[in-house]
Amino acid sequence: MALENGELSKELLDSQAHIWNHIFSLINSMSLKCAVELQIPDIIHRHGSPMLLSELVKALGLKDERTHFVYRLMRILVHSGFFVKQSVGNDEDEEEGYLLAPVSRLLIKDEPLNVRPYLLAVLDPMLLDTWQHMSEWFQNDDVTPFYTTHGRMFWDLASHEPKLNEFFNEAMASDARLVISVILKHCRGVFEGLDSIVDVGGGTGTIARAIVEGFPDIRCICFDLPHVINGLVGSKNVSYAGGDMFQTIPTAHAVLLKWILHDWNDEECMKILKKCKEAIPSKENGGKLIIIDMVVKAREGENKVLETQLFFDMHLMTLMTGRERSEDDWAKLFIDVGFSDYKITPILGLRSLIEVYP
């Protein structure tokens, strides 16, 4: 009986610890946000060698009384894998200094492919507050928790709230730079043979400009809502067009949808896909749809990948009407709209490159 009681106590305590870990898991992301706002990755990067705690505190312009708090912040971020510690000095006078872990290259402001704007956008109170209203949303008739929180749909509020519009566009542009750099390096064939592309929901034109730089003969149309492209000026091979993708999409050899369809439910996606199909020539004439989005799949040994994809799915549930989809989900959409075939290339980490043919 004593053994059984001991096993029960361990199970209870393990359960408590598991729950506590999830309760406090937001501390990882909020600690990272704090470090980025303080520009700690940039400071350590510029230092060029292991940076002592005292040196970091001085570079941050903080009072000495804050030293132990900076130590505690850095300790959790070392544990989370964003910084590493390295011994400095000789055996008699040895200290430990901080260096960037490899992943933190993407947190440096001067790194062209950095993800700082995306981090700061997702962790902005305007988006985080929606989680406080999730249970309320389940019990009402609102379309999204974002609507329950702010009284408007995400896209509607973005058109009226400059801050939301700005940080969303910056976040999408930062992600676009990283994604298109990988595609142009490892999967250039997706654009070969095309003479024109319309980038639907192309934001401020980051992907369009990168494509024409890599393929000077391709003409790119960046198509987005009028308030997004307002004031933007095109170039020789890049033009901007404002409109509503649910109404009409400019014609082109191919249509590009980067991280667009996951924002919308199946019915809305079908409407978008039908407009895409109308905008491109037949398969025989080289027409195709290029989608950059997630294909949710549980692969053995990739629990972290699946977990992150599920995080994204929940994130979408708070903000939009969309979701992340499995291959079966994607296939059903394509078949229902009347596309003949598709090809998935899992080359983008959590996401995939999907080519769909009329």
Out of S49, S15, sole residue that is among the small types (G, A, S) and either in a helix (DSSP H, G or I) or touching a strand residue (DSSP E or B) at 6+ places or on another chain (Cβ under 6 Å) (or both): S15
Residues located in region 332-358, provided they are in a strand (DSSP E or B), of a type outside the set (G, A, S) and more than 21 Å from P281 (Cβ to Cβ): I344, T345, P346, I347, L348, R351
Filter result for the condition that a residue is within 18 Å of the chain's Cα centre (by Cα), more than 30 Å from T148 (Cβ to Cβ) and surrounded by 14 or more Cβ atoms within 10 Å (Cβ to Cβ), over L353, L289: L353
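Of all residues being touching a residue at least 40 places away in the same chain (Cβ under 8 Å) and surrounded by fewer than 20 Cβ atoms within 10 Å (Cβ to Cβ) in region 242-252, which is nearest to the chain's Cα centre (by Cα)? Just the residue, please.
The first filter runs over region 242-252 and keeps only residues touching a residue at least 40 places away in the same chain (Cβ under 8 Å), leaving 245, 249-252.
From what's left, surrounded by fewer than 20 Cβ atoms within 10 Å (Cβ to Cβ): 250-251.
Details: P250: 26, T251: 28 Å.
Taking the candidates together, the pick is P250.
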Output for region 185-204, where each listed residue is within 24 Å of G286 (Cα to Cα) and either buried (at least 17 other Cβ atoms within 10 Å of the Cβ) or polar (S, T, N, Q) (or both): V190, F191, L194, S196, I197, V198, D199, V200, G201, G202
Residue within region 318-328 that is surrounded by fewer than 16 Cβ atoms within 10 Å (Cβ to Cβ) and either in contact with a strand residue (DSSP E or B) (Cβ under 6 Å, 6 or more places away or on another chain) or not hydroxyl-bearing (S, T, Y) (or both) present: yes
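Report whether or not E278 is among the acidic types (D, E), within 25 Å of T148 (Cβ to Cβ), surrounded by fewer than 20 Cβ atoms within 10 Å (Cβ to Cβ) and out of contact with any Asp or Glu (no Cβ under 6 Å at 6 or more places or on another chain). Walk me through how you get there before you give the answer.
Values: among the acidic types (D, E): yes; within 25 Å of T148 (Cβ to Cβ): no; surrounded by fewer than 20 Cβ atoms within 10 Å (Cβ to Cβ): yes; out of contact with any Asp or Glu (no Cβ under 6 Å at 6 or more places or on another chain): yes.
Criteria not met by E278.
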The one condition in (1) over 19 Å from D42 (Cβ atoms); (2) crowded, with 17+ Cβ neighbours inside 10 Å; (3) of a type in the set (V, I, T) that V115 fails to fulfil: (1)
Tabulated pairs, region 173-193, first free of Cβ contacts under 8 Å to residues at least 40 places away in the same chain and under 14 Å from R209 (Cβ atoms), second of a type outside the set (D, E, K, R) and in a helix (DSSP H, G or I), C-beta under 6 angstrom, 6+ apart or interchain: I180/I207; I180/A210; L184/G214
Identity of the residue in region 66-108, surrounded by 12 or more Cβ atoms within 10 Å (Cβ to Cβ) and basic (K, R), that ends up nearest to P50 (Cα to Cα): K85
Single residue of region 94-109 satisfying the filter (more than 26 Å from S174 (Cα to Cα) and in contact (Cβ under 8 Å) with a residue 40 or more places away in the chain) that is farthest from the chain's Cα centre (by Cα): E95
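So that you can scan it fast, the table gives a plain yes or no per residue for (1) modelled with pLDDT of 90 or more; (2) within 19 Å of D313 (Cα to Cα); (3) basic (K, R):
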residue: G97; (1), (2), (3): yes, no, no
residue: P102; (1), (2), (3): yes, no, no
residue: N114; (1), (2), (3): yes, no, no
residue: L128; (1), (2), (3): yes, yes, no
residue: F138; (1), (2), (3): yes, yes, no
residue: V143; (1), (2), (3): yes, yes, no
residue: R188; (1), (2), (3): yes, no, yes
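Could you check region 159-193 and list, in sequence order, the residues that are small (G, A, S) and either farther than 24 Å from D244 by Cα or under 11 Å from the mean Cα position of the chain (by Cα) (or both)? Walk me through it before giving the result.
So in region 159-193, the residues small (G, A, S) come out as 159, 171, 173-174, 176, 181, 189, 193.
Those that are small (G, A, S) and either farther than 24 Å from D244 by Cα or under 11 Å from the mean Cα position of the chain (by Cα) (or both): A171, A173, S174, A176, S181, G189, G193.
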Flag for I229 being within 27 Å of E161 (Cα to Cα) and of a type in the set (V, I, T): yes
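If a residue must be in contact with a Ser or Thr (Cβ under 9 Å, 6 or more places away or on another chain) and either over 24 Å from V356 (Cβ atoms) or in a helix (DSSP H, G or I) (or both), how many such residues does region 268-315 contain? Even if it seems obvious, please write down each step before you answer.
The initial filter retains those residues of region 268-315 that are in contact with a Ser or Thr (Cβ under 9 Å, 6 or more places away or on another chain), namely 268, 275, 278-281, 283, 291-297.
Then keep just the ones that are either over 24 Å from V356 (Cβ atoms) or in a helix (DSSP H, G or I) (or both); that gives 268, 275, 278-279.
Residues meeting the conditions: 4.
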Which listed residue, of N237, N230, N265, is under 18 Å from I207 (Cα atoms) and surrounded by fewer than 16 Cβ atoms within 10 Å (Cβ to Cβ): N230
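The values are calculated or read from the model by the stated rules, or taken from the named source; none is laboratory data. Predicted model, so just to flag it, every value in this text is computed and none were measured. Counting neighbours? That spans all protein chains shown, and the Cβs are built from the backbone with ideal geometry, glycine included.
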